[in-house]
Amino acid sequence: MCSCMVHNTNVVWSVANYGILFGRCESPIGRNVLYCMRRFNGVLSDILSEEFDAPVWKHATKDISDEQEQSVC
């Protein structure tokens, strides 16, 4: 979502900005942002910041054992 908001192609940038800022639940990207805000208890600026990847990664990998991580590597 963040990369779409800063994309250098006008079409991608426009669709993302409209969907997130104006479309909200009427657009897929707007629904994804709202879902993330609820799931991770954040505000729009948190969700769209580059630092947001860290808590998502931590949440997604919390149940992975060291053994599983090593097998992927």
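The values are calculated or read from the model by the stated rules, or taken from the named source; none is laboratory data. Given the structure is predicted, the values throughout are model-derived calculations rather than measurements. Every residue, glycine as well, gets a Cβ built from its backbone with ideal geometry; the counts of neighbours run over all protein chains shown.
Couple of notes before you dig in:
- Within segment 20-73, being farther than 16 Å from residue 4 by Cα and touching a Leu at 6+ places or on another chain (Cβ under 9 Å) holds for 25, 37.
- The set of residues in segment 6-20 being among the aliphatic types (A, V, I, L, M) and either in a helix (DSSP H, G or I) or in contact with a strand residue (DSSP E or B) (Cβ under 9 Å, 6 or more places away or on another chain) (or both) consists of 11, 12, 15, 16, 20.
- Per-region count, segment 21-73, residues of a type in the set (Lys, Arg), assigned to a helix (DSSP H, G or I) and either at pLDDT 80 or above or surrounded by 10 or more Cβ atoms within 10 Å (Cβ to Cβ) (or both): 4
- Residue satisfying all of: in segment 1-18; at pLDDT 75 or above and among the small types (Gly, Ala, Ser); surrounded by the most Cβ atoms within 10 Å (Cβ to Cβ) among these: 16
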